[in-house]
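The values are calculated or read from the model by the stated rules, or taken from the named source; none is laboratory data. In this text, all values refer to a predicted model and were calculated from it rather than measured experimentally. In this analysis, Cβ positions are derived from the backbone assuming ideal geometry, glycine residues included, and neighbour counts consider all displayed protein chains. These accessible areas exclude ligands, DNA and RNA; they are computed on the full protein's heavy atoms, side chains included. Shrake-Rupley method; radii C 1.70, N 1.55, O 1.52, S 1.80 Å.
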Amino acid sequence: MVTLQQIMLTYTPVSEAGGVGKTTTAATLAVSHARAGLDVLAIDLDTQNGSLTYVFGPDYDRGDRDEDNIVRHLVGRPQGQFKDLVYEVEAGVDLVPSHNMLEDLHEFLLNEKQQAERLGESYSMYHQLSRVLEEANVSENYDVVIVDSAGKAGPILYNALVAVRNVVIPFEATAKGQESIEGLDDLVEGLEQNIGVDVGVLAVVPLGYKDTTDQREILEDLEQSSFPVPVVIGERSSLIEGCWRQQCSPHRYVEKHRDYRRDYEMDTLKRFDQLARHLEKQANIEITEVTA
């Protein structure tokens, strides 16, 4: 069903602005990849409650500090194996849920760095997720890894970027969003300087597009940039709100919670599937069959 010519596809959705659909994009793409037969691992490093952990809704208490969680693994104090952190959720997507201890991750990592330096050892605060994934042999078990991280710059985002090296940028098709077109190069360059690795932009995804005159001009400017724009997603607030209410991806919401299939919502799912195929090609993954 799937031919892999490269180890795996890895990326994180990144946006300087909040509320542009970063988590919804991550959740929808995870399911799109999984429905194509790929083994998908989604890692939730978002400190907000409105995150992948909420969307997929596993039976998990993100506030329980006594249980093993991703933060303990990042700071080298796990209470079990990485595989025990994983929950199988929608469409066979595997999820490592978020935890409230992520809010203290910067302090934890800084303490580890200071202790290592006192012992004459080197320690990189931004390479810990990469270390955890390597030690867990994630590349041998998954075709796709998506990390949904905190939107603001800092150790959480930098750990995600060092681990995955690629970004997908949800883009708000508004005048506010247009201001950030020229800033995309600066955004990527700034991220690269902070983490010391090259970051690839796999796609810029305009969201909430209504085909107004102003939006057409914005889209033309974006398409003339050096960034790939494989699909444009229309305004689908009712679909997205329904997903959050039912705690599921748009795929499941349309299939399980709609009395009938709306053409515009089916078009949205088709466009996300097209985006998933575009991203898979960047890792030389060829899909021959997709689950209906």
For region 225-292 and region 92-159, compute the distance between their C-alpha centroids and round to whole Å. 28 Å
Once the dipole of the chain is set up with Lys and Arg at +1 and Asp and Glu at -1 on Cβ about the Cα centre, which of GLN114, VAL197, ILE240 lies farthest towards its positive end? ILE240
Which far-off residues, 5 or more places away or on another chain, put their amide H under 5 Å from the one on SER149, with H placed in the peptide plane? LEU45
Bins of 10 Å from zero: percent of alpha-carbon pairs in the chain: 6, 28, 36, 22, 6, 1, 0
Local charge sum around GLU121 (other residues, Cβ-Cβ under 15 Å, Lys/Arg +1, Asp/Glu -1)? +1
Radius of gyration and maximum dimension Dmax of region 227-292, Cα, Å: 13.3, 38
For the chain, longest principal axis from Cα atoms; helix 105-118 axis from its Cα atoms; angle between them, nearest 10 degrees, is 40 degrees
With every protein chain present, what accessible area does MET125 have (1.4 Å probe, heavy atoms only), rounded to the nearest 10 Å²? 20 Å²
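Using packing as a proxy for protection, rank 83-93, 130-140 so that the peptide with the highest average count of other Cβ atoms within 10 Å comes first.
Per-residue Cβ counts within 10 Å, averaged per peptide and sorted highest first, yield 83-93, 130-140.
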Quick one: grab the alpha carbon gyration tensor of region 128-272, order the square roots of its eigenvalues as a ≥ b ≥ c, and give me rounded if a/c is under 1.5, else prolate or oblate depending on whether a/b is larger than b/c. oblate
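From the cross-link list LYS113/LYS152; LYS22/LYS270; LYS22/LYS281; LYS152/LYS270; LYS22/LYS113; LYS22/LYS210, which pairs have alpha carbons spaced over 25 Å apart? Mind showing how you got there, number by number?
Working: LYS113/LYS152 21 Å; LYS22/LYS270 18 Å; LYS22/LYS281 21 Å; LYS152/LYS270 30 Å; LYS22/LYS113 30 Å; LYS22/LYS210 19 Å.
Over 25 Å Cα-Cα: LYS152/LYS270; LYS22/LYS113.
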Vicinal HN-Hα couplings computed from phi for region 79-88 (Karplus, 6.51 cos²θ - 1.76 cosθ + 1.60; Hz; Gly/Pro x): 10, x, 8, 4, 4, 6, 7, 8, 10, 7
Going residue by residue through region 22-30, the Karplus relation 6.51 cos²θ - 1.76 cosθ + 1.60 with θ = phi - 60° gives ³J(HN,Hα) values, rounded to whole Hz and with x marking Gly or Pro, of 4, 5, 4, 4, 4, 5, 5, 5, 4
Percent antiparallel among DSSP beta bridges confined to the chain, nearest 5, equals 20 percent
Taking the Cα atoms only, what angle lies between the long axis of helix 263-282 and the longest principal axis of the chain, rounded to 10 degrees? 50 degrees
Under the classification rounded if a/c is under 1.5, otherwise prolate if a/b is larger than b/c and oblate if not, where does region 125-176 fall, given a ≥ b ≥ c as square roots of the Cα gyration tensor eigenvalues? oblate
Sequence-distant residues sharing a close amide H with ALA42 (under 5 Å, placed H): ASP94, LEU95, VAL96, ILE146
Helix 183-195: angle to the longest alpha-carbon principal axis of the chain, degrees 0 to 90, nearest 10? 20 degrees
